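For reference, the structure is listed below as structure tokens.
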Amino acid sequence: MKLKLDYMEIKFHSMKINSRGGVSFGGLLHLFLLATLAMLIGCDREKEPIPSFITVEPFELLPTDFGIHGSISNKITHADMFMFDSLENRAISLGVIELPATFPVLEEGSFSINIDPVIKANGSSLSLQGYPFYTRFSKTINLSTDAPITVKPTTTYSEDAVFEVVEDFEGTGETLFSVDRDGNPNTFMTRSNSDVFEGQTVGRVLLDTANATVAAQTAGLYDLTIGTAGKVFIELNYKTDVPLEFGLIPVEDNGQESEPILDWYVLAKNDWNKIYFDITNAISSTGSLRFAVVFNGQIPYEDGKYTLQQAEILFDNFKIVHF
Ligand SMILES: [Ca+2]
Ligand SMILES: [Ca+2]
């Protein structure tokens with residue numbers, strides 16, 4: 001027998017076993033070498049362990065009660081994941097990963113995998129946040145080095161989520177943003193049945209070079225306070241030819257309005273997109289308890305002229321969600 005390792009070559013001769021069943025000195029030496037070799041091979045295996053592979057598909061948001069939460073459109077881009085080994089009472093963090101993802105794990109056996117939905121708050125990749133109103137997905141998985149597994153996580157809106165407003169821009173009458181703030185009655189939000197996102201209609205503002213600016217405010221005022229587990233978000237599906245600015249207007253009990261807090265933006269977008277605005281800090285930083293929501297948009301003006309002859313702003317599924 002001849003085994004070749006990277007750094008040494010060992011020749012094994014046939015082992016001599018004496019008539020009493022014992023092993024000769026030469027045989028003992030060979031056993032020692034075999035044991036050493038086995039240890040070396042064992043060490044080598046430890047240096048290059050074989051991983052198990054997990055694939056996590058994109059999240060699916062399942063409805064619980066459309067009458068409460070409205071649309072289930074979502075933009076869950078990432079997942080915050082950990083595995084739990086209940087036998088050894090050990091948690092293994094897998095980190096925040098963009099979905100779908102396939103990754104190796106140096107574990108085998110039974111684990112529970114826990115996956116929290118993560119969104120880009122305010123549309124920013126720098127603000128990845130576990131969305132507090134979506135539930136955690138948990139599942140028991142059996143990790144094996146020779147059978148990769150695929151997990152299809154699902155989530156729902158949390159039972160504790162409070163929907164302060166859910167506007168799907170269906171029906172008739174004035175739209176949610178019916179208060180004019182720009183002084184031009186030619187720019188306002190109507191319902192439109194062309195280029196609809198969901199349902200029959202969406203909210204639409206049309207701008208042109210003679211009416212290039214819109215600023216509109218919700219007629220409704222919203223009671224928003226930060227509880228101990230406080231988080232407040234705006235959700236919106238939108239499609240817009242021009243950049244938009246969104247804000248909150250604190251309103252006192254006597255109806256007096258403070259200056260808008262204009263902290264949230266979206267860029268022009270050719271396709272329908274979904275945004276989650278985190279308005280928690282803005283609400284906690286004011287002493288106000290009631291707010292209106294406002295948005296501003298205008299056709300950009302560069303080198304002495306408007307960049308577009310016409311521009312369209314479309315909204316669907318405006319929500320304010322909090323605990
Ligand atoms: Ca709609
Ligand atoms: Ca107007």
Within segment 172-226, can you find the residues that are within 16 Å of ligand 1 (Cβ to nearest atom), over 21 Å from Asn270 (Cα atoms) and free of Cβ contacts under 8 Å to residues at least 12 places away in the same chain? Gly173
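Here is a yes/no grid of residues against (1) in a loop (DSSP other than H, G, I, E, B); (2) over 27 Å from the mean Cα position of the chain (by Cα); (3) in the same structural domain as Lys269 (by TED's automatic domain parsing); (4) within 16 Å of ligand 2 (Cβ to nearest atom):
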| site | (1), (2), (3), (4) |
| --- | --- |
| Glu170 | yes, yes, yes, no |
| Thr175 | yes, yes, yes, yes |
| Gly183 | yes, yes, yes, yes |
| Phe188 | yes, yes, yes, yes |
| Glu198 | yes, no, yes, no |
| Leu207 | no, yes, yes, yes |
| Ile226 | yes, no, yes, no |
| Glu235 | no, no, yes, no |
| Lys239 | no, no, yes, no |
From Phe177, Phe188, grab the single residue that is crowded, with 18+ Cβ neighbours inside 10 Å and within 27 Å of Gly287 (Cβ to Cβ). Phe177
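Yes or no, residue by residue, for (1) touching a Lys or Arg at 6+ places or on another chain (Cβ under 8 Å); (2) in contact (Cβ under 8 Å) with a residue 60 or more places away in the chain; (3) closer than 30 Å to Lys269 by Cβ:
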site	(1), (2), (3)
Ile72	no, no, yes
Glu88	no, no, no
Ala101	no, no, yes
Val105	no, no, no
Gly123	no, yes, yes
Lys139	no, no, no
When segment 136-148 is checked residue by residue, the ones that are out of contact with any Asp or Glu (no Cβ under 9 Å at 6 or more places or on another chain) and surrounded by 15 or more Cβ atoms within 10 Å (Cβ to Cβ) are Ile141
So, in segment 147-168, of the ones that are in a loop (DSSP other than H, G, I, E, B) and of a type outside the set (A, V, I, L, M), which residue ends up nearest to ligand 1 (Cβ to nearest atom)? Asp168
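The values are calculated or read from the model by the stated rules, or taken from the named source; none is laboratory data. What you are looking at is a predicted structure, and each value in this text was computed from that prediction instead of being measured. Cβ atoms come from the backbone with ideal geometry, glycine included; neighbour counts cover every protein chain shown.
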